[in-house]
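One structure is given here, and the rest of the page talks about it.
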């Protein structure tokens, strides 16, 4: 998996909603989301870390696309698993929140640290009925997203980049770049030795 380092965020998809109170989801989708919430609460949240394969089994059962063996902490939160792509040895930390109303892809060996928030959804506030808008978030291989960082819809984070703790990522992050702050700004290029992978 390799994210291209482009300057513009991914295209937004706007859901057709007649009013602000109209759900963008079909009844079938809402039932599936409810079943997922129940499944994760009853079968996964209480499990110890070594039962990672059990949690991956349930993510796959609900449509997550999983390559290899990523790690998903038992207290990670995934809104819609069928919008999630996890690659080998990627990691979702304690209370990492993947608000996957749109697709989220996490690359090989990428780490989403504790309480980081990847948000694929927003609303078009220029329209009276504020329709839901979603855009894919792509986290490339060997990325580290620090604790409590916030990543907006449509963002791509390039290979080997680092997002500092508590940063708000409003623009795409180039490969091998350290970004930090609110909004996140480029600090310096990341130079790493052999990872021994």
Tabulated pairs, the range 167-190, first at positive phi, second in a loop (DSSP other than H, G, I, E, B) and surrounded by 14 or more Cβ atoms within 10 Å (Cβ to Cβ), C-beta under 8 angstrom, 6+ apart or interchain: 176/158; 176/159; 176/160; 176/161; 176/190; 181/164; 181/167
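Of all the strands (runs of 3 or more DSSP E) wholly in the range 120-197, which have at least 2 residues that are within 19 Å of residue 99 (Cα to Cα) and within 15 Å of the chain's Cα centre (by Cα)? First the steps, then the outcome.
Working: elements: 121-123, 132-134, 137-139, 177-180, 185-189.
Hits in the range 120-197: 121-123, 137-139.
Is it fair to say residue 162 is crowded, with 21+ Cβ neighbours inside 10 Å, farther than 26 Å from residue 29 by Cα and in contact (Cβ under 8 Å) with a residue 40 or more places away in the chain? Steps first, answer last, please.
Values: crowded, with 21+ Cβ neighbours inside 10 Å: yes; farther than 26 Å from residue 29 by Cα: yes; in contact (Cβ under 8 Å) with a residue 40 or more places away in the chain: no.
Against the criterion (crowded, with 21+ Cβ neighbours inside 10 Å, farther than 26 Å from residue 29 by Cα and in contact (Cβ under 8 Å) with a residue 40 or more places away in the chain), residue 162 does not qualify.
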Qualifying residues in the range 36-55 (those that are part of a helix (DSSP H, G or I) and in contact (Cβ under 8 Å) with a residue 24 or more places away in the chain) - the one farthest from residue 127 (Cα to Cα): 49
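When you scan the range 112-132, how many residues do you find that are more than 23 Å from residue 21 (Cα to Cα) and surrounded by fewer than 21 Cβ atoms within 10 Å (Cβ to Cβ)?
Adding up the residues that qualify gives 4.
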Scan of the range 80-129 for residues that are at pLDDT below 95 and more than 20 Å from residue 40 (Cβ to Cβ), ordered by number: 122, 123, 124, 125, 126, 127, 128, 129
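In the range 15-35, is there at least one residue being buried (at least 18 other Cβ atoms within 10 Å of the Cβ) and in contact (Cβ under 8 Å) with a residue 12 or more places away in the chain?
Step one: of the range 15-35, the residues buried (at least 18 other Cβ atoms within 10 Å of the Cβ) are none.
Checked the range 15-35: no residue is buried (at least 18 other Cβ atoms within 10 Å of the Cβ) and in contact (Cβ under 8 Å) with a residue 12 or more places away in the chain.
The values are calculated or read from the model by the stated rules, or taken from the named source; none is laboratory data. As the structure is a prediction and not an experimental result, all values here were calculated from the model. Because the Cβ atoms are built from the backbone with ideal geometry, glycine has one as well, and the counts that use them run over all protein chains shown.
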